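Nothing in this text is a laboratory measurement; each read-out follows from the coordinates by a stated rule. Quick caveat: nothing in here was measured; it's all calculated off a predicted structure. All Cβ positions, even for glycine, are placed from backbone atoms using ideal geometry, and neighbour counts span all protein chains on display.
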Amino acid sequence: MEIVFHKYSPAGNVTALIVSEVSRCYHSLVAQHLMNSEGVEQVAFLEQPQDTSASSRVQMMGGEFSGNGLASAALCTSELGRLSEVRVESSGLEEVAHVTIDRLARGFRCQITFALREFGLSQLTPDHFLVSLSGISHVIALVENTNSSARNAQILLQDMGPPDDIASGMIFARQENLKWVITPFVAVRGVNSFVAESACASGSLALGLVVLHQHDGPECKIQVIQPSSAAIGIQLAKRSTTRIDVTMEIPVESLTTHEVWLDIPEI
């Protein structure tokens, strides 16, 4: 079948958003092909939502949560900013996300808000934390001058990461002045990928949860500088022991549209 996809760059994390209908049993095959041939770091699929209040649904290649995938889907759903607000379902989220889209001098800014209800946080060592989100977990390393190579990331993820998660990340984080700087790596088992990402929104969210935990306060607001040099804003408000309200601000650029032919059946 012919597969149409748009390339977006949320905070520099080049994402292929498939707008053709593709059966989920072929998601990993399509994702592997595009990651190997199209110069993208991750693949997302635009689907019809189950919740009638949502305009669309984004399903990530491994069923995980991705803030950058969600931002890409929101920009596509808004028809490149023609609609200033959209509601989008997402894999890995229990509730529909509300997204406000603003035009910037270059590209757009997506402000994403949702309630986070299913998450876990545990301290593995004095400097390492495991943050579990629905469909993806991140090991956060708060170590200055550490070895943040891909090989060391794989070793630490094997030692500290959950063995059965759909996706997992290794996030090296350090604080510089009033901002945080991260070096993220993400593995998605369903497509057998391990990527040094140019930006990671879910990893930035996981870092925010660690900062909120350390400060032991009701709110937290941080700016997270990505390897691309773009900044992702994270704002958290603890409403109860089982609910945190999340706001993420992600800059997004629309790149190009492509078509490829793959030997899979149409829906």
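When the convex hull of its Cα atoms is viewed from all sides, segment 198-258 shows a mean projected area of 5.1 nm². Charged side chains reduced to their Cβ positions (Lys and Arg at +1, Asp and Glu at -1) give the chain a dipole of some 580 debye around its Cα centre. Only aspartates and glutamates eight or more places from Lys7 in sequence, or on another chain, were considered; those with a Cα closer than 18 Å are Glu21, Glu38, Glu41, Glu47, Glu79, Glu197, Glu253, Glu259. About its Cα centre, the dipole of segment 120-241 is roughly 220 debye, where the only charges are +1 on Lys and Arg Cβ and -1 on Asp and Glu Cβ.
Result for the chain in a Gaussian network model with C-alpha springs under 10 Å: among Gly203, Gly217, Gly233, the largest mean-square fluctuation is at Gly217. Derived value for segment 120-241: Kirkwood hydrodynamic radius 14.4 Å. Basis is the mean of 1/r over every pair of different alpha-carbon atoms.
Could you tell me how many cubic angstrom of Cα convex hull volume segment 98-161 has per residue?
Working: hull volume 9.6 nm³, N = 64.
Considering the Cα atoms of segment 98-161, their hull volume per residue is 150 Å³.
Could you grab the Rg to Rh ratio for segment 66-185? Cα atoms only, Kirkwood for Rh. Let's see the in-between values first.
Numbers: Rg = 16.7 Å, Rh = 16.2 Å.
Rg/Rh for segment 66-185 comes to 1.03.
Counting only GluC sites (Glu not before Pro) that sit in a DSSP loop (anything but H, G, I, E, B) with at most 10 other Cβ atoms within 10 Å, what is the longest stretch of the chain containing none of them? Mind dumping the intermediate values first?
Numbers: sites that count: Glu79, Glu144, Glu266.
Result, exposed sites excluded: 145-265.
Straight-distance candidates among the lysines for linking to Lys221, with alpha-carbon spacing under 26 Å and chain neighbours fewer than 8 residues away dropped: Lys179, Lys238. Taking 7 Å along the Cα-to-C-beta vector as the label spot, tell me the Asp164-Ala115 distance in nanometres, rounded to one decimal. Once both label points are built, they end up 2.8 nm from each other. Pairs of Cα atoms under 8 Å, at least six residues apart: use those to get the relative contact order of the chain, whole percent. With pairs under 8 Å counted, the relative contact order is 23 percent.
Applying both filters, DSSP loop and at most 11 other Cβ atoms within 10 Å, to the trypsin sites (Lys or Arg not before Pro) of segment 57-133 gives Arg82, Arg106.
Tell me, what is a quarter of the convex hull surface for the C-alpha atoms of the chain, in nm² with one decimal? Could the numbers behind the result be given before it?
Details: hull surface 54.5 nm².
So the mean shadow area of the Cα hull is 13.6 nm².
Put in order of Cβ neighbour count within 10 Å, fewest first, the listed residues Cys200, Cys110 become Cys110, Cys200. The calculated 222 nm mean residue ellipticity attributable to helices in the chain amounts to -5500 deg cm²/dmol, summing -39500 (n - 2.57) over DSSP H runs of n ≥ 4 and dividing by all residues. May I ask for the distance between the Cα centers of segment 129-155 and segment 192-236, given as a whole number of Å? What the calculation gives is 12 Å, centre to centre.
How much length would be gained if the chain were fully extended between Arg24 and Arg243, taking 0.36 nm per residue of separation minus their Cα-Cα distance, in nm to one decimal? List each step's numbers first, then the result.
On the way: separation 219, 0.36 × 219 = 78.84 nm, distance 2.99 nm.
Difference between extended and current length: 75.9 nm.
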